[in-house]
1. Looking only at region 56-79, which residues are in a helix (DSSP H, G or I), more than 19 Å from the chain's Cα centre (by Cα) and at pLDDT below 95?
2. Go through region 80-131 and count every residue that is over 9 Å from residue 59 (Cβ atoms), assigned to a strand (DSSP E or B) and not β-branched (Val, Ile, Thr).
3. Would you mention how many residues in region 62-88 are free of Cβ contacts under 8 Å to residues at least 12 places away in the same chain and more than 9 Å from the ligand (Cβ to nearest atom)?
4. Residue 106 versus (1) more than 16 Å from the ligand (Cβ to nearest atom); (2) in contact with a Leu (Cβ under 7 Å, 6 or more places away or on another chain): which is the lone unmet condition?
5. Consider residue 114 carefully, then state whether it is out of contact with any Phe, Trp or Tyr (no Cβ under 9 Å at 6 or more places or on another chain) and away from the ligand (no atom under 16 Å from the Cβ).
6. All but one of (1) within 14 Å of the ligand (Cβ to nearest atom); (2) not in a loop (DSSP other than H, G, I, E, B) hold for residue 46; which doesn't?
7. Evaluate the following for residue 54: is it touching a Phe, Trp or Tyr at 6+ places or on another chain (Cβ under 9 Å) and of a type outside the set (A, V, I, L, M)?
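The values are calculated or read from the model by the stated rules, or taken from the named source; none is laboratory data. On a predicted model such as this, the values are computed, not experimentally measured, just so you know. Counting neighbours? That spans all protein chains shown, and the Cβs are built from the backbone with ideal geometry, glycine included.
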Amino acid sequence: MGVKRFSVSVDYELFKEFDEFIKKLSLDRSKAIQQAMRIYLSENIWEKDLRECGGALIIVYKHDVREDLIDLQHYYRDVINSTLHIHLDEENCLEIIAVKGDIKKIKELSDKIKTCRGIKQIRHAIVEIFV
Ligand code: NI
């Protein structure tokens, strides 16, 4: 496929912070930008025209909402492979929900989790499944 060279304009402070940071990671600009582009694509994977995907939904919540979450996980059991629950402290829990299957259903599950009472944070790490 080859390599594409391009130039971009960015805010100077952002550039400086990024450049200093990647130096600490021993990454060159090309590698760092490629990683950032892949993360951006993964972050916005719902916008791609895909049927199947796999990955994890990572949520932090106050544990008194657990009933709503359990109901949702039972309903979406066909796309949930496993759930890992970690008690962070007296009131907060972290849950890693491993998912695989229909991307529309997984997006729907993620959107519904967002609306649950007590959800503090939700992130996803979703990758494309090549079939
Ligand atoms: Ni817990």
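1. The first filter runs over region 56-79 and keeps only residues in a helix (DSSP H, G or I), leaving 63-75.
If we keep only those that are more than 19 Å from the chain's Cα centre (by Cα) as well, we get 63-68, 70-71, 74-75.
63, 64, 65, 66, 67, 68, 70, 71 - these are the residues of region 56-79 that are in a helix (DSSP H, G or I), more than 19 Å from the chain's Cα centre (by Cα) and at pLDDT below 95.
2. Adding up the residues that qualify gives 13.
3. The initial filter retains those residues of region 62-88 that are free of Cβ contacts under 8 Å to residues at least 12 places away in the same chain, namely 67, 70-71, 74-75, 77, 85-86.
Next, only the ones that are more than 9 Å from the ligand (Cβ to nearest atom) stay: 67, 70-71, 74-75, 77.
Going through region 62-88 one residue at a time, the tally reaches 6.
4. Among (1) more than 16 Å from the ligand (Cβ to nearest atom); (2) in contact with a Leu (Cβ under 7 Å, 6 or more places away or on another chain), the lone unmet condition for residue 106 is (2).
5. Working: out of contact with any Phe, Trp or Tyr (no Cβ under 9 Å at 6 or more places or on another chain): yes; away from the ligand (no atom under 16 Å from the Cβ): yes.
So residue 114 fits the description; yes.
6. Here residue 46 clears every test but (1).
7. Details: touching a Phe, Trp or Tyr at 6+ places or on another chain (Cβ under 9 Å): no; of a type outside the set (A, V, I, L, M): yes.
No, not satisfied.
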